[in-house]
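Following: one structure in structure tokens, then a few remarks.
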Amino acid sequence: MAGETEHKLRGNYASMRPDFTVDQAWGAYSEAEHELWRRLYRRQAGLVPRYACDEYIESLAKLDFGRGIPRFDAVNTKLARATGWQIVAVPGLLPDFTFFDHLAHRRFPVTVWLREPDEFDYIVEPDIFHDFFGHVPLLFHPVFADYLEAYGKGGVKAQGLDALDFLARLYWYTVEFGLVATPKGLRTYGAGILSSGGEIAYAIESERPNRLGFDLLRIMQTRYKIDTFQETYFVISGFRELFDATAPDFTPYYSALRPLEPHAASAVLATDRIVHRGREAA
Ligand code: HBI
Ligand code: FE
């Protein structure tokens, strides 16, 4: 999950290393936190079969972290073998450049703190449940893992080109809130949806939001909201389409997009491939 946060960031940044990583301190989690984790996991695991893409479901089935907050080092042993990725413990949201640099080196930052019980249904900043349940399973999928690394490398380059907004939008509408078309209908692969009790059904079933065909430039030019369900979702045909989209050098895209006014999150354009026009489409 991403986006500017007006309020002070949560998490303890005091003891972090220069690359913003910390120790997970797994022994410090309370029994109450493990119980909250089990409740969050049980709810989402019950929804995943109906709404998540097969690649996510297959990965989740191989991981066994429903009985309590997982130990990052135990998962890293499996993850290294699968795709060469590692998860690194972080205090929370990182500066864009640091975040991209971790992805570019196949390190996924996972927040160490867990939400409060009264945030069971919604949280604005990514906590360990969002990061781990939402993002970690797909790190085991080779093509998606390659997309994330390519995305991170693009981000490191974009830093110098003042183009982070464009990449943040691409991350938001794919890694966080992406949908994929499958023979069984629309399914989600976006971590922000997979880890959300309410949005996982809304993103697939609600008449309200738009659902539009994946279009890299369109996405880079479209604003997003960080504290409501999405007004528009973008649909890929498969992870290969995502990976191929990151093949070209993005520099000319940034030059073409920079002078243009971004579209509102609810916009529907005549050039859009419309999978579903939302009931409240502008
Ligand atoms: N930091 N820990 C963490 N997790 C994120 O998902 C994250 C971040 N920093 C920036 C960010 N996401 C987004 O702005 C990306 O689009 C870069
Ligand atoms: Fe996220």
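The values are calculated or read from the model by the stated rules, or taken from the named source; none is laboratory data. Quick caveat: nothing in here was measured; it's all calculated off a predicted structure. Cβ placement follows ideal geometry from the backbone for every residue including glycine, while neighbour counts extend to all protein chains displayed. Areas reflect the complete protein model, heavy atoms only, side chains present, ligands, DNA and RNA absent. Shrake-Rupley method; radii C 1.70, N 1.55, O 1.52, S 1.80 Å.
Does the range 107-149 hold any residues that are open to solvent by 30 Å² or more (accessible area, probe 1.4 Å), modelled with pLDDT of 95 or more and within 15 Å of ligand 1 (Cβ to nearest atom), and which are they?
Correct list: Arg107, Trp113, Glu149.
Kindly establish whether Gly46 is open to solvent by 30 Å² or more (accessible area, probe 1.4 Å) and either modelled with pLDDT under 95 or away from ligand 1 (no atom under 16 Å from the Cβ) (or both).
When the stated conditions are applied, Gly46 passes them.
Scan Ile57, Ile87, Ile69 and give me the residue that is of a type in the set (Val, Ile, Thr) and in a loop (DSSP other than H, G, I, E, B).
Numbers: Ile57 fails: in a loop (DSSP other than H, G, I, E, B); Ile87 fails: in a loop (DSSP other than H, G, I, E, B).
The conditions single out Ile69.
Within the set of pairs 6+ apart or on separate chains, which have a first residue in the range 183-198 that is outside any strand (DSSP E or B), a second that is of a type in the set (Gly, Ala, Ser), and C-beta atoms under 7 Å apart?
Once the first residue is outside any strand (DSSP E or B) and sits in the range 183-198, its partners that are of a type in the set (Gly, Ala, Ser) give Tyr189/Gly178; Gly190/Gly178; Ala191/Gly134; Gly192/Gly134; Ile193/Ala203; Leu194/Ala52; Leu194/Gly134; Ser195/Gly134.
With touching a helix residue (DSSP H, G or I) at 6+ places or on another chain (Cβ under 8 Å) and under 15 Å from Gly190 (Cα atoms) as the only criterion, which of Phe250, Phe234 stands out?
Details: Phe250 fails: under 15 Å from Gly190 (Cα atoms).
It is Phe234.
Looking at Phe100, Phe20 in this structure, which one is surrounded by 19 or more Cβ atoms within 10 Å (Cβ to Cβ), modelled with pLDDT under 95 and not aliphatic (A, V, I, L, M)?
Phe100
Any idea which residue in the range 165-215 is nearest to Tyr56 (Cα to Cα), counting only those that are within 13 Å of ligand 2 (Cβ to nearest atom) and aromatic (Phe, Trp, Tyr)?
Filtering first and then ranking leaves Tyr189.
Working only within the range 150-169, note down all residues that are hydrophobic (A, V, I, L, M, F, W, C) and more than 13 Å from ligand 1 (Cβ to nearest atom). Give the steps one after another, and end with the answer.
Within the range 150-169, the first condition is being hydrophobic (A, V, I, L, M, F, W, C), and the residues that meet it are 150, 156, 158, 161, 163-164, 166-168.
Matches in the range 150-169: Ala150, Leu161.
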